[in-house]
1. Leu346 fails exactly one of the following numbered conditions: (1) within 16 Å of the ligand (Cβ to nearest atom); (2) crowded, with 21+ Cβ neighbours inside 10 Å. What is the number of that condition?
2. On the basis of being touching a residue at least 12 places away in the same chain (Cβ under 8 Å), more than 16 Å from the ligand (Cβ to nearest atom) and not hydroxyl-bearing (Ser, Thr, Tyr), does Ala316 make the cut?
3. Filter the range 91-105 for residues that are in a loop (DSSP other than H, G, I, E, B) and surrounded by fewer than 20 Cβ atoms within 10 Å (Cβ to Cβ) and give the result.
4. When you go through (1) surrounded by fewer than 18 Cβ atoms within 10 Å (Cβ to Cβ); (2) within 16 Å of the ligand (Cβ to nearest atom) one by one for Arg55, which number turns out not to apply?
5. Residue under question is Phe206, and the condition is that it be within 16 Å of the ligand (Cβ to nearest atom) and aromatic (Phe, Trp, Tyr); does it hold?
6. Looking at Arg318, Arg338, can you tell me which residue is buried (at least 24 other Cβ atoms within 10 Å of the Cβ) and out of contact with any Asp or Glu (no Cβ under 7 Å at 6 or more places or on another chain)?
7. Name the one entry in Gly228, Gly269, Gly294, Gly284 that is at pLDDT below 95 and away from the ligand (no atom under 16 Å from the Cβ).
8. Scan the range 180-237 for residues that are hydroxyl-bearing (Ser, Thr, Tyr), under 22 Å from Ala153 (Cβ atoms) and more than 21 Å from the chain's Cα centre (by Cα) and report the count.
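The values are calculated or read from the model by the stated rules, or taken from the named source; none is laboratory data. Because the structure is a prediction, the values reported are computed rather than measured. Cβ atoms come from the backbone with ideal geometry, glycine included; neighbour counts cover every protein chain shown.
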Amino acid sequence: MRFDFPNGFRWGAATAAHQVEGNNVASDFWLLEHAPGTLFAEPSGDACDQLHRYRDDVALLARLGFGSYRLSIEWARIEPEEGCFSRAALEHYRRVLACCHEHGVAPCVTFHHFTSPRWVTADGGWESERTASRFARYCERAVAHLGDLVSIACTINEANLPASLALTGTVPREGAKRRLPFVAEAARRCGSDLERFSPFLLSDPFRTRDVMLLAHRQAREALKSGRGDFPVGVTLAMQDLVAVPGGEVKRDEARRESFDPFLDAAAEGDDFVGVQTYSRTRFGPAGALPPEPGVPVLALGYEYWPQALEGTLRYAARAGVPLYVTENGIGTDDDAQRIAYYREALSALVRCLQDGVDVRGYWAWSLLDNYEWLHGYRPRFGLVAVDRETQARTPKPSAALLGRVARENAFDPDAFG
Ligand code: BGC
């Protein structure tokens, strides 16, 4: 049963600068990765050396059949010290985006994907409203240089993630930074203190959400009034939140506190919402529940639940703007499991489209096996394997299958795998 996607539906794969470029030394995460007692499994180091290998990666993505590359540009490279904008860094990204166009690949550009310049994080970071205006100023400068080459813009990646993690009990409600001695050490190393030092994932989750919401609105304004004409939106971490009997109140609270503020902001003035789904979370009367017995649990601790994408797209549709699936995928060493995951996830996407949900594109996470934050290089989300010694890229069978879907703009579950 083959399903033909609407004309113009975008197919791509995604990465983020810090996870693939390598040596992002002016960023706050670099500092955290190297602080004594760090909880990061290993430092990001050279990552996938995409800083130097982007031409090969873009060519490979195009060869596989994808028409879009979602990538992020790195604030810490573009503005390594306050007000000091690097023309060379902007020129680098101009070359990257131009390279995409040369290969017929539309770049979907994210302006913030978890990492920030050290000086931002040292001076209030994502708990300070000053960061919102600083972020908007960086967006303004970046778009003045790059805007004519941007096809789609995402202001902030998973701006709701800290709130979402707090509501599912994964991080403490007051934020993790005070509980982790290595964060204080990282703060000290950049001349800050724990009060002012506020990296994205470790700060007060609800304060961060509010600052990110403000930053998104200001950045949207900056991007829309700058060079170029492209859709602008925010991306959200959206697990499918499911209530078991009696869990509706807690489930609804999580949706209200994590998703709704951004969906409401999108309804006011965004061109799309980016939905990023990996799994589901069940809620009981007391809050989030652990994985259901019998359901496989993946390396990152959540359930193997590829059909989650259906619930998240249907929920996000309430924003009333087009949706893009800006990330979806699985961290596994077993590519047959990855193929099965994508088969289920694409089937869920098709059901949504058949019911009239306005989804305009799909980006797999990730193009490459890359740096998975706290977990280091162990979890492998890539369609393409990366040899950690040689940096050699080897596409997996899942890459060919998804690439064919992209090329044909059609999906047949029986022919997928
Ligand atoms: C993030 C990616 C991350 C992926 C897999 C998303 O939350 O945007 O940076 O690698 O999930 O865990």
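1. Single failed check for Leu346: (1).
2. Working: touching a residue at least 12 places away in the same chain (Cβ under 8 Å): yes; more than 16 Å from the ligand (Cβ to nearest atom): no; not hydroxyl-bearing (Ser, Thr, Tyr): yes.
When the stated conditions are applied, Ala316 does not pass them.
3. We begin by selecting, within the range 91-105, every residue in a loop (DSSP other than H, G, I, E, B); these are 103-105.
His103, Gly104, listed by residue number.
4. Single failed check for Arg55: (2).
5. On the way: within 16 Å of the ligand (Cβ to nearest atom): no; aromatic (Phe, Trp, Tyr): yes.
In short, no.
6. On the way: Arg318 fails: buried (at least 24 other Cβ atoms within 10 Å of the Cβ).
Checking each option against the conditions leaves just Arg338.
7. Numbers: Gly269 fails: at pLDDT below 95; Gly294 fails: at pLDDT below 95; Gly284 fails: at pLDDT below 95.
Just a single option satisfies the conditions, and that option is Gly228.
8. Going through the range 180-237, the residues hydroxyl-bearing (Ser, Thr, Tyr) turn out to be 192, 198, 203, 208, 225, 235.
Those left that are additionally under 22 Å from Ala153 (Cβ atoms): 208, 225, 235.
Filter once more, keeping what is more than 21 Å from the chain's Cα centre (by Cα): 225.
The number of residues fulfilling the criteria is 1.
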